[in-house]
1. Given a Förster distance of 22 angstrom, what is the FRET efficiency for LEU45 paired with HIS193, based on the Cβ-Cβ distance and rounded to 0.05?
2. Extension gain ASP104-THR155, at 0.36 nm per residue separation less the Cα-Cα distance, in nm?
3. For THR174 and THR81, what is the calculated FRET efficiency with R₀ set at 35 Å and r taken between the beta-carbons, to the nearest 0.05?
4. Would you mind giving the average projected area, over all directions, of the Cα convex hull of the stretch 121-193 in nm² with one decimal?
5. By per-residue mean of other Cβ atoms within 10 Å, what is the highest-first order of 67-77, 95-105?
6. Would you mind checking which residues have amide H under 5 Å from ILE128's amide H? H placed 1.01 Å from N; only 5 or more apart, or other chain.
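What follows draws every value from the coordinates through simple rules; no lab data is involved. All values derive from a computational prediction rather than experimental measurement. FYI the Cβ positions are ideal-geometry reconstructions off the backbone, even for glycines, and counts take in every protein chain you see.
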Amino acid sequence: MVALGLLGYFGLKRFMDGCRINVLSAGAKTSGIVRQTEAEGVVTLFDILHKDCVSLTDPQLAYMVPTPYLATGLLQTIYATLRVRRRDQTSDIEYVRELLVMKDGGTISLDWYDCAGAESNDDNSGPIALIMSGVGGSSQEHHIRALTKSLACSTAAFRVAVFNHRGTARTPITSPRPYDSGFTDDFRATVKH
């Protein structure tokens, strides 16, 4: 019985050691400024992560334990597909769509969201968070909508734009070139926009 207990302990320890992640940081001096107030001074992303997300910044605490029933990419894809239409308080948002035509005639879309309860960004001077979903994803994914709402309704009051590739999220296909995850010119053009 003791042998089984020790085997279980060392098995769990080996599993947890395998789940450790490397913490990478460029340091406080190169971190982007999130906000600047008279009371707090300059607050960077580095400061926020070290204060509120210690498990992402401390190498001793940084690990990711995968969900046992979603251990493979296929299971994760099926799960995400079944939950994409889920709407709840954290993800129920309405976007304002902007279509951008690229040099070759292709069309991509930006779905913009401003939180009604956040500080007003009517002068378009607030910080912009540009989100790009994963391969085959779009602004309609539950996790993208939840992240969008969280950023827009935060104290930083981001103006959030979600980048939709050619032909995704009902973006019209207007050129012979389809969506290709290796073709990054569309994203570059969007950032310059």
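1. Details: r = 23 Å, r/R0 = 1.05.
It comes out at approximately 0.45.
2. Details: separation 51, 0.36 × 51 = 18.36 nm, distance 3.91 nm.
Answer, rounded to one decimal: 14.5 nm.
3. Details: r = 27 Å, r/R0 = 0.76.
After rounding, the FRET efficiency stands at 0.85.
4. 5.6
5. Details: 67-77: 10.1, 95-105: 12.8.
Put in order of decreasing packing, that is 95-105, 67-77.
6. Residues meeting the amide H criterion: ARG159.
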